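The values are calculated or read from the model by the stated rules, or taken from the named source; none is laboratory data. Model, not experiment: these values are computed from the prediction. All Cβ positions, even for glycine, are placed from backbone atoms using ideal geometry, and neighbour counts span all protein chains on display. What goes into the accessible areas is simple: the full protein's heavy atoms, side chains included, and nothing from ligands, DNA or RNA. Shrake-Rupley method; radii C 1.70, N 1.55, O 1.52, S 1.80 Å.
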Amino acid sequence: RGSNIVTRKISRSVAKIHLGQLESFSLGNLDSKRDWGHAKDYVEAMWLMLQQEEPEDFVIATGEVHSVREFVEKAFKHVGKTVVWEGKDENEVGRCQETGVVHVKVDPKYFRPTEV
């Protein structure tokens, strides 16, 4: 995925922070909800669609949504850091509980015009 896709942006940024190559990064709406699944499951679903006798429209989803905020928390937890959220709306930041350093900032330029 491209580095501008939120999942990739978070994972790359957290890795760089862990390696000491980056101090912080900015995101849009932390409360946006996404249906994230595993690529293997989506590929299997696509293969199953191709096995149908008649073409149809299908929706592939896990049926479970998680916020961008949750994804950030899990990514930092993976490298042994806990994010504590402070502030509100565009003034909200994610601070490392262990070091006190702000690693996540909210920037309205990353908000989607119409959130799904």
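Compared with the dominant Cα axis of the chain, that is its longest principal axis, helix 6-18 is turned about 40°.
Proximity of backbone amide H atoms, modeled 1.01 Å from N, is registered between VAL104 and PHE25, GLY94 at under 5 Å, excluding neighbours fewer than 5 places apart on the same chain.
Amide H to amide H distances under 5 Å link TRP36 with HIS66, where only residues 5 or more positions off or on other chains count and H is placed in the peptide plane. In terms of the Cα gyration tensor, with a ≥ b ≥ c the square roots of its eigenvalues, is the chain rounded because a/c is under 1.5, prolate because a/b exceeds b/c, or oblate? Judged from the Cα gyration tensor, the chain comes out prolate (a/c at least 1.5, a/b above b/c). When the solvent-accessible area of the chain is split by element, carbon and sulfur atoms take up 51 percent of it, the probe being 1.4 Å. Between 0 and 90 degrees, the angle of helix 68-78 with respect to the longest Cα principal axis of the chain falls at about 70 degrees.
As a rough guide to protection, the peptides 22-28, 70-76 ranked by mean Cβ packing within 10 Å, highest first, stand as 70-76, 22-28.
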